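What follows is a single structure, written as structure tokens, with notes after it.
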Amino acid sequence: MNERADFLKTVAPFDTLPDEVLETVAAQLQEISFKKDTIIYQEGVSKMKGVDIIVKGSYESFFYDSMQNKRLPEEHGPGFCYGGVSILLNRRQSLRTVMATKGTLVYFLHRRDFRTLCRTYESFFHHFSAEFGKRMQNEEFAHFFKRPANFEESYLAADQLYTRKIGSVEYRSIVQCKDSTPIFEAAKVMAKQKVSCLFVTDDAGKIIGYVTDITLRDLVIAQKRNPDDAVQTIMANPVVSVDAGAYVYEALLMMFSTKTRYLLVERDGEFIGSLSRNKLLSEEAESPLVFVQAVKSAVSDEELKKKWEAVPAFVNQLLQRGVNAQIANQVITTIADTIAQKVIEQVIADMGPPPARFVFMVLGSEGRKEQTFKTDQDNAIIYEDKANEHREEVRAYFLELADRVSTRLNNTGFVFCSGGFMAKNPKWTHSLSHWKRNYEYWMDESIPETVINFSTFFDCRSIYGDESIITELHDFIKELLQKPLDKLFFHMAKNALQYEPPLTFFRNIRTFTKGSREVFDIKRTMSPIVDMIRVYALKHSIFKVNTGERLKALYEKGIFNEADYHELSQSYYFLMSMRLKKQARQLMYDHTDPDNYIDINGLTNIEQVTLKEIFRVIQQFQSRLKMSFTNSLLG
């Protein structure tokens, strides 16, 4: 019997296993060393990949209380097996926080093999269940084990995902080759440097693309391509970069939205390294953004629906931890986009390649990246113009694509738009030239109905397809905006003035009765801010899609001063946070469809005072809007 098997004979409950089984188990063990004071697992946070058997050194395990004091500390020396109870009885979450002492060496056994032993040998399993039963007899242990999972009470009290900068993450050196390098030589460089991504440069040394292990598999081996071909024939682009001063969550969202798995890290205009998506996800393994990766691997509408239904719970958790509503919106939008992209890709795989370049765009709140949980489909399709003889064939393809995508999105939880603003409606699936005529008509005609259409479709962005199509449309709109459009801005301003904040003459919040509750409509409260910012953005040719981004651009152009910027931004995202929390609670706890009605009696005094101040801010800016675009203080 080998050395490892001999050691296992001294460890409970492995000492109860037959010798031939111990030999097999010993062959599966991995040796892992830890430095002094290394935090190995965090209570209620870390997912156990297997069990650790201490060979040398020791583990210290404990709970943290709300003041970050160690509670019930224990030291475990050689022969102790940690992780069994966590895997079997705590949904794989580490039961306690574990720290290694100096020179600790452990044998690691994967949970797959561990569970096999538990299923096969009852006495082996009973050892861990009995250990847990004894521990639960300790009143203090039971208290800490049963307390609700709360991020603030864990070791990671500060949520690093939203505070950590890219510069603090360990990145890899950039490995590169010239675009003329033969494919086989590029593969040799990747093997020698042990990298999964190789960046490609032109003769001037500028990075113009990249190749990955997947590239070599899919485009070289699978297609039997000549390995002597130049690497530029298989490289992918564009290359996406992120500033070292950006936040980790921004980089992850960028990766998911651009579908890239690798980012170049930039500082002061120079590339200083590269990061992989897997690296960032492993750095933030417990963040909600890991959920996006699970969405990308879903294979059915039912699975996608379950993923979407799970979103309110962790978004609510983010908001409860004080994360800004703008970030929460970005997370919701990224997941919604990922689901839609997944559906579009699957439909195209079923239908065959599109007969023309196209873009699938989203509109309204989704177009602004301000989606909530009470949402329906707002989307459209723009495809490139084709010769007359192919026009009907092309249109028939995209109408069917639109119908299939809209139907499947409806099945996953993004219900049909009651107003018909979706690609499934033939009115909103058309060629680029047709769309240009739409926008020109809406802007020239400028009556209330066409202005509503223009406002809806101005808040648009691409989530799938050829970005150059929507860029060409934006360039066309910019040209139209050079003409005198006082009538358009007048009606857009009138729309922003339709809603009056629910503030009485005596500065109380005006409500209406819904059932047994006194409520106000928070969506209508937010609408004036969205509408006002849109008018100013159009007036100054700002094509940012997000209300917050538009507001920041207006501040940077000097249209709003710093006080204006902060007042409107803080007001808008306070309302958004309140709206998201309310809708999440309805879905999670009440199991009812979310709405936009806020019960005034459910608000704290501080929230009510804050709302009154926000309503006052909105009224002030509405007065300014009246003077700027309607030439009347009375509107």
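The values are calculated or read from the model by the stated rules, or taken from the named source; none is laboratory data. The structure displayed is predicted, hence computed values, not measured ones. Neighbour counts run over all protein chains shown; Cβ positions are idealised from the backbone, glycine included.
Of note:
- Looking only at the stretch 148-169, residues that are out of contact with any strand residue (DSSP E or B) (no Cβ under 9 Å at 6 or more places or on another chain) and at pLDDT below 75 come to 8 in all.
- Test for Val323: is it over 17 Å from the mean Cα position of the chain (by Cα) and outside the structural domain of Lys259 (by TED's automatic domain parsing): no
- Qualifying residue in the stretch 494-510 (condition: of a type in the set (Ser, Thr, Tyr) and within 27 Å of the chain's Cα centre (by Cα)): no
Each row is one residue, and each column tells you yes or no for (1) under 23 Å from Leu538 (Cβ atoms); (2) of a type in the set (D, E, K, R).
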{"site": "Tyr555", "(1), (2)": "yes, no"}
{"site": "Glu562", "(1), (2)": "yes, yes"}
{"site": "Tyr565", "(1), (2)": "yes, no"}
{"site": "Tyr573", "(1), (2)": "yes, no"}
{"site": "Glu613", "(1), (2)": "no, yes"}
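- Of everything in the stretch 393-442 that is acidic (Asp, Glu) and closer than 15 Å to Phe358 by Cα, the residue that is nearest to the chain's Cα centre (by Cα) is Glu400.
- Scanning the stretch 364-398 for residues that are closer than 30 Å to Met588 by Cα and polar (S, T, N, Q) returns Ser365, Gln371, Thr372, Thr375, Gln377, Asn379.
- The number of residues in the stretch 211-230 being modelled with pLDDT under 95 and under 19 Å from Leu264 (Cα atoms) comes to 4.
- Test for Cys417: is it under 14 Å from Asp376 (Cβ atoms) and either modelled with pLDDT under 90 or not basic (Lys, Arg) (or both): yes
Results for (1) surrounded by 24 or more Cβ atoms within 10 Å (Cβ to Cβ); (2) assigned to a strand (DSSP E or B); (3) in contact with a helix residue (DSSP H, G or I) (Cβ under 7 Å, 6 or more places away or on another chain), shown as yes or no for each residue.
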{"position": "Pro354", "(1), (2), (3)": "no, no, yes"}
{"position": "Met361", "(1), (2), (3)": "yes, yes, yes"}
{"position": "Glu366", "(1), (2), (3)": "yes, no, yes"}
{"position": "Arg404", "(1), (2), (3)": "no, no, yes"}
{"position": "Thr407", "(1), (2), (3)": "no, no, no"}
{"position": "Asn411", "(1), (2), (3)": "no, no, yes"}
{"position": "Ser418", "(1), (2), (3)": "no, no, no"}
{"position": "Ala423", "(1), (2), (3)": "yes, no, yes"}
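- Check on Glu303, out of contact with any Pro (no Cβ under 6 Å at 6 or more places or on another chain) and at pLDDT below 75: no
- Within the stretch 32-53, the set of residues being more than 15 Å from Arg111 (Cα to Cα) and either over 42 Å from the mean Cα position of the chain (by Cα) or of a type outside the set (Lys, Arg) (or both) comprises Ile32, Ser33, Phe34, Asp37, Thr38, Ile39, Ile40, Tyr41, Gln42, Glu43, Gly44, Val45.
- Of all the criteria given as (1) closer than 28 Å to Arg135 by Cα; (2) in contact (Cβ under 8 Å) with a residue 40 or more places away in the chain, the one not satisfied by Gln30 is (1).
- Index of the failed condition, Thr610 passing every other in (1) without any contact (Cβ under 8 Å) to a residue 40 or more places away in the chain; (2) among the β-branched types (Val, Ile, Thr); (3) over 15 Å from Pro501 (Cα atoms): (3)
- The residue that is surrounded by the most Cβ atoms within 10 Å (Cβ to Cβ), among those in the stretch 24-58 that are in contact with a His (Cβ under 9 Å, 6 or more places away or on another chain) and farther than 14 Å from Val11 by Cβ, is Gly50.
- Residue check for Tyr262: modelled with pLDDT under 90, out of contact with any His (no Cβ under 9 Å at 6 or more places or on another chain) and among the aromatic types (Phe, Trp, Tyr): no
- Residue that is modelled with the lowest pLDDT [pool: residues in the stretch 231-259 that are touching a Gly at 6+ places or on another chain (Cβ under 8 Å) and polar (S, T, N, Q)]: Asn237
- Some residue of the stretch 380-398 being in contact (Cβ under 8 Å) with a residue 60 or more places away in the chain, assigned to a loop (DSSP other than H, G, I, E, B) and among the acidic types (Asp, Glu): yes
- Each residue in the stretch 341-379 was checked for being more than 30 Å from Pro594 (Cα to Cα) and touching a residue at least 12 places away in the same chain (Cβ under 8 Å), and 9 of them qualify.
- Within the stretch 497-531, considering residues that are farther than 24 Å from Gln583 by Cβ and not charged (D, E, K, R), the one surrounded by the most Cβ atoms within 10 Å (Cβ to Cβ): Leu497
- Matching residues, the stretch 463-496, being closer than 30 Å to Thr338 by Cα and either surrounded by fewer than 18 Cβ atoms within 10 Å (Cβ to Cβ) or out of contact with any helix residue (DSSP H, G or I) (no Cβ under 8 Å at 6 or more places or on another chain) (or both): Gly465, Asp466, Glu467, Ser468, Ile470, Thr471, Glu472, His474, Asp475, Phe476, Lys478
- Pair list, Cβ < 9 Å and 6+ apart or interchain, from the stretch 102-116 residues that are farther than 9 Å from Leu29 by Cβ to residues that are assigned to a strand (DSSP E or B) and of a type in the set (Ser, Thr, Tyr): Gly103/Ser33; Thr104/Ser33; Thr104/Tyr59; Leu105/Ser33; Val106/Ser33; Val106/Tyr59; Val106/Tyr82
- Residue match in the stretch 272-289 (condition: β-branched (Val, Ile, Thr), modelled with pLDDT under 80 and within 21 Å of Ser168 (Cβ to Cβ)): no
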